[in-house]
Amino acid sequence: MNTFSVTIKNLIYKMLWKLQIKTFLPLQLIGYAITLCIGVIIILTTYNIYKDIQPLLKKETDVFGNNGVVISKEISDVSSVFGGLNSMKGNNVDRSSIYFTNEEISIFKKQSFVENISFFNTASGFNIYLYINELGIHTDIFFESIPDKYLGTINDNDLWKWDEKEKFIPIVIPKDYLKILNLGYAESRKSSGIPLLSYNAVKWMKGEILIKSKIGKEKFTCQIVGFTEKVNSILVPNDFLIWANKNYGDGKKSKPNKLIVEFNNSNSPEIIKYLKENKYEINKRDIEFNKLINIFRVAFFLIFIIATVIISLSISFVLLSVNLIFQKNKTVLINLYNIGYNLQKISLLYKIIISGITFISISIALIISNFIREVYRQNLSTLFEINLEKNNIYIATLAITILFILLINIFIKKKINNIISN
Amino acid sequence: MSESEISDSDIYLKETIRLESNNNYLFKANSGNGKSSILNFIYQCNQNYNGSIIYDGIEYKNSIDIRNNYISYVFQDFKLFNNLSVWDNIKIKNNLTSHKTDNEISKLLKEIGLHEKKNSLIKELSIGQRQRTAIVRALCQPFKFLLLDEPFSNLDEDNISIITEILNKELKNQKAGLIVTTLNNEYLFSYNKKFNL
């Protein structure tokens, strides 16, 4: 019985579709399929590139994160000459020109491009000595710290913590220090047999820190756990410096000579102008990198908008075409209704064809965009270490396609209903 | 006026007109007096009327069921599909109802002299041939009433005679009523009631 009813149903549609298929305009449908496909390819590829390149742009190879830049004051020739002379004469050096005053910081904070300003914490009132016997290094050093949120990859490192009981101090040094060690210091002491050190080799090496002040002295073990290209300073955990200043410091609050500034729009030309006017120095690499990220974002956004416009036009185009088909074949639709075909049956072929074309177009677009993703992945992998994760764009596209097809079906049904009801 | 004939004033003044299957009715009037409108109201393809039309105690609106099982209609303008053949035009209705076999349809086409033209497109046929196609199509469904709107306006005497015989036979088989509008030819069927509009 079921088989019988299915056969009858097929027969109904066989003749009905024979009639309705002649009402379609193939060129318009092909046009719709192509424009929809192109629009979806552009939108998917743009999204894929944006998502895939994002980790590369965000990748924090430096321990100092990408969310802030270090700004200091320019040291003028006059202040260094007179400062040097005074120093040689045993006079106190006037260093006031390198510090940021409260007023300067306050004005800086009020600038429209500034999101936030943070400070370095400096070791003050005690001396620090570093001993690395394997390298024959016995030297005075200094420590500074910055809030943890500005530290990038170092956050993942279990060693980056201060525990008073363990007496262990993790240290981050500028990358250039290692170059000086390998190419300068080691070269000048060839006879001492100082080895050439890689970044990883240094991280395995342990040293000793001695803190000396009027109050007393204390020894600690230390280890270099990371390198930075952005900060010309020796960084230790903020907690340690707070502890050390409290226990060995002179209680004087150090004045800020460096600021960590977060910009809300690093692309703003006002930044460079402001820094120049106030004779503030910045690592230009930071600004250039941030500019690059912003240019990428704007470009992707524009392409995204263009693709959306293309898709919108193709949708409008097919809806207009469908409407045109219905208006052109008004008599056929009305006659079908008059001889006993219901709205469901009359609209079925139109719904199947338009939904089918939409689905196929978007599926082809998905395949092509996936192919494009594979091509650029191969190209990028020669330049960067890139791991493409499975992204949810395909599931999202499928969901949007289904929603979109549903809307088209509602449109078709509504239009036919309007025609046959009047 | 005989008892079976209702005057034009009667049809509009009466609160209810009751039509019964197994009876034949004639709506008679000059052109433009609303003969087709009455049939369209009954068939529900025109709903611009006041009042109600009730079938077996139920008021239907836009009922496809009525069109496929209770009322069949030969439209004055035939409502055929020009891009389909005679055969396809009939099948497009019969596929919906499965009322007649292909052999029965072929037999009907032979009887009305259209078998040779069964594969011709409607647009290639004369008005008379189109009218005959529409009549065969109307027979491809079960019905309690058959509505004929000027059914023989384009047919010759021979064809009228053949078709009248086919229709009478089908009406008898289905125990259905007939509602005809016509300007003339009122002698072709025996009517239980005539309405002058």
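Okay, here's what the table says:
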{"read-out": "The range B:166-197, residues that are in contact (Cβ under 8 Å) with a residue 12 or more places away in the chain and assigned to a helix (DSSP H, G or I)", "value": "B:I166, B:L167, B:N168, B:E170, B:L171, B:Q174"}
{"read-out": "Tally, over the range B:93-136, of residues that are free of Cβ contacts under 8 Å to residues at least 12 places away in the same chain and within 24 Å of A:Q20 (Cβ to Cβ)", "value": "4"}
{"read-out": "Failed criterion for B:G177 (all others in (1) at pLDDT 90 or above; (2) over 16 Å from B:I71 (Cα atoms) hold)", "value": "(2)"}
{"read-out": "Top-ranked residue of the range A:195-211 - restricted to ones that are of a type outside the set (G, A, S) and touching a Phe, Trp or Tyr at 6+ places or on another chain (Cβ under 7 Å), ranked as surrounded by the fewest Cβ atoms within 10 Å (Cβ to Cβ)", "value": "A:Y199"}
{"read-out": "Residues satisfying the stated conditions in the range B:135-155, i.e. more than 13 Å from chain A (Cβ to nearest Cβ) and open to solvent by 10 Å² or more (accessible area, probe 1.4 Å)", "value": "B:K144, B:F145, B:E150, B:F152, B:S153, B:N154, B:L155"}
{"read-out": "Flag if A:S321 is more than 14 Å from chain B (Cβ to nearest Cβ) and under 41 Å from the mean Cα position of the chain (by Cα)", "value": "no"}
{"read-out": "Residue within the range B:156-165 that is of a type in the set (S, T, N, Q), in contact (Cβ under 8 Å) with a residue 40 or more places away in the chain, outside any loop (DSSP other than H, G, I, E, B) and open to solvent by less than 30 Å² (accessible area, probe 1.4 Å) present", "value": "yes"}
{"read-out": "Within the range B:18-59, tally of residues that are within 23 Å of B:L171 (Cα to Cα) and in a loop (DSSP other than H, G, I, E, B)", "value": "11"}
{"read-out": "Positions within the range A:131-167 being buried (at least 17 other Cβ atoms within 10 Å of the Cβ) and at pLDDT 80 or above, in sequence order", "value": "A:I132, A:F143, A:E144, A:S145, A:I146, A:W160, A:W162"}
{"read-out": "Within the range B:106-129, tally of residues that are within 13 Å of another protein chain (Cβ to nearest Cβ) and surrounded by 19 or more Cβ atoms within 10 Å (Cβ to Cβ)", "value": "1"}
{"read-out": "Matching residues, the range B:91-105, being more than 7 Å from every other protein chain (Cβ to nearest Cβ) and part of a loop (DSSP other than H, G, I, E, B)", "value": "B:H99, B:K100, B:T101"}
{"read-out": "Number of positions in the range A:346-363 that are without any contact (Cβ under 8 Å) to a residue 40 or more places away in the chain and either open to solvent by 30 Å² or more (accessible area, probe 1.4 Å) or not assigned by TED's automatic domain parsing to the domain that holds A:L44 (or both)", "value": "2"}
{"read-out": "Scan of the range A:329-345 for residues that are without any contact (Cβ under 8 Å) to a residue 12 or more places away in the chain, at the interface with chain B (Cβ under 7 Å from one of its Cβ atoms) and out of contact with any Lys or Arg (no Cβ under 6 Å at 6 or more places or on another chain), ordered by number", "value": "A:N342"}
{"read-out": "Residues (crowded, with 18+ Cβ neighbours inside 10 Å and either in a helix (DSSP H, G or I) or modelled with pLDDT under 90 (or both)) located in the range A:212-228", "value": "A:I224, A:V225, A:G226, A:F227, A:T228"}
{"read-out": "Residue ranges of helices (runs of 4 or more DSSP H) in the range A:229-342 with at least 2 members open to solvent by 20 Å² or more (accessible area, probe 1.4 Å) and either of a type in the set (K, R) or in contact with an Asp or Glu (Cβ under 7 Å, 6 or more places away or on another chain) (or both)", "value": "A:238-248, A:269-277, A:284-328"}
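One line per residue, one yes/no per condition, for (1) among the hydroxyl-bearing types (S, T, Y); (2) open to solvent by less than 70 Å² (accessible area, probe 1.4 Å); (3) away from every other protein chain (no Cβ under 11 Å):
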position: B:C45; (1), (2), (3): no, yes, no
position: B:Y49; (1), (2), (3): yes, yes, yes
position: B:D56; (1), (2), (3): no, no, yes
position: B:Y60; (1), (2), (3): yes, yes, yes
position: B:R67; (1), (2), (3): no, yes, no
position: B:F78; (1), (2), (3): no, yes, no
position: B:F81; (1), (2), (3): no, yes, no
position: B:S85; (1), (2), (3): yes, yes, no
position: B:N89; (1), (2), (3): no, yes, no
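The values are calculated or read from the model by the stated rules, or taken from the named source; none is laboratory data. Being a predicted model, the structure only gives us computed values, none of them experimental. A quick note on method: Cβ atoms are made from the backbone with ideal geometry, for glycine too, and the neighbour counts reach across all protein chains shown. Side chains are part of the model used for accessible areas, which takes the heavy atoms of the whole protein and leaves out ligands, DNA and RNA. Shrake-Rupley method; radii C 1.70, N 1.55, O 1.52, S 1.80 Å.
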